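The values are calculated or read from the model by the stated rules, or taken from the named source; none is laboratory data. Note that the structure is a prediction, hence the values are computed from the model and not measured. Cβ atoms come from the backbone with ideal geometry, glycine included; neighbour counts cover every protein chain shown.
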Amino acid sequence: MHAYGEGDHVVLGGVRIAHERGVVAHSDGDVVIHALCDALLGALALGDIGVHFPPSDDRWKDADSRQFLRHCRALLAERGWEVGNADVTVVCERPKVAPHAAAMRANLAGDLGVDVDAISVKATTSEKLGFTGRGEGLAAMAVALLVRA
């Protein structure tokens, strides 16, 4: 999850989406990719995205999160795994995710080396509850199935 801050866009699933606010983050703040990386790293029992790309490391300042996902793919391959399928849910009131979901799916599938039909991206609101409901930020959750390569 990331709080909204100054800016004129958000990046979700590697897609730049015009928005009245940006996000407060060390990298590009792509909650879709961050959640998916955490799901993959967790399935491999390799910690989380902060272990591999710590915010204290200036190399990752404003970084494109797609490189994080490609790193996760390499870790999977090194250990004999690949993604069977993955599902990501974005939680926000705005921006609308559906018009961009196909492009996000294509980016994620390409970076993971899987067919686009193995990737799902969808969104939900929190019915005006909590920080996402108040429009203070956005969040994402992901789950992935790993299969032996």
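Quick notes on this one:
- Any chance Val83 is closer than 23 Å to Ser126 by Cα and either at pLDDT 95 or above or assigned to a helix (DSSP H, G or I) (or both): no
- Cβ-Cβ contacts under 7 Å between residues 6 or more apart (or on different chains), taken from a first residue in region 127-149 that is part of a loop (DSSP other than H, G, I, E, B) to a second residue that is acidic (Asp, Glu), are listed as Gly135/Glu93; Ala149/Glu82.
- Check on Gly22, modelled with pLDDT of 95 or more, closer than 17 Å to Gly137 by Cβ, within 13 Å of the chain's Cα centre (by Cα) and surrounded by 17 or more Cβ atoms within 10 Å (Cβ to Cβ): no
- Count of residues meeting criterion [farther than 23 Å from Ile17 by Cα, of a type in the set (A, V, I, L, M, F, W, C) and part of a loop (DSSP other than H, G, I, E, B)] in region 30-69: 4
- The condition of being surrounded by fewer than 17 Cβ atoms within 10 Å (Cβ to Cβ), modelled with pLDDT of 95 or more, out of contact with any Asp or Glu (no Cβ under 6 Å at 6 or more places or on another chain) and more than 20 Å from Ala149 (Cβ to Cβ) holds for only one of His2, His9, that being His9.
- Inside region 105-133, residues that are under 19 Å from Tyr4 (Cβ atoms) and surrounded by 12 or more Cβ atoms within 10 Å (Cβ to Cβ) make up a count of 8.
- Some residue of region 92-114 being in contact (Cβ under 8 Å) with a residue 12 or more places away in the chain and in a strand (DSSP E or B): no
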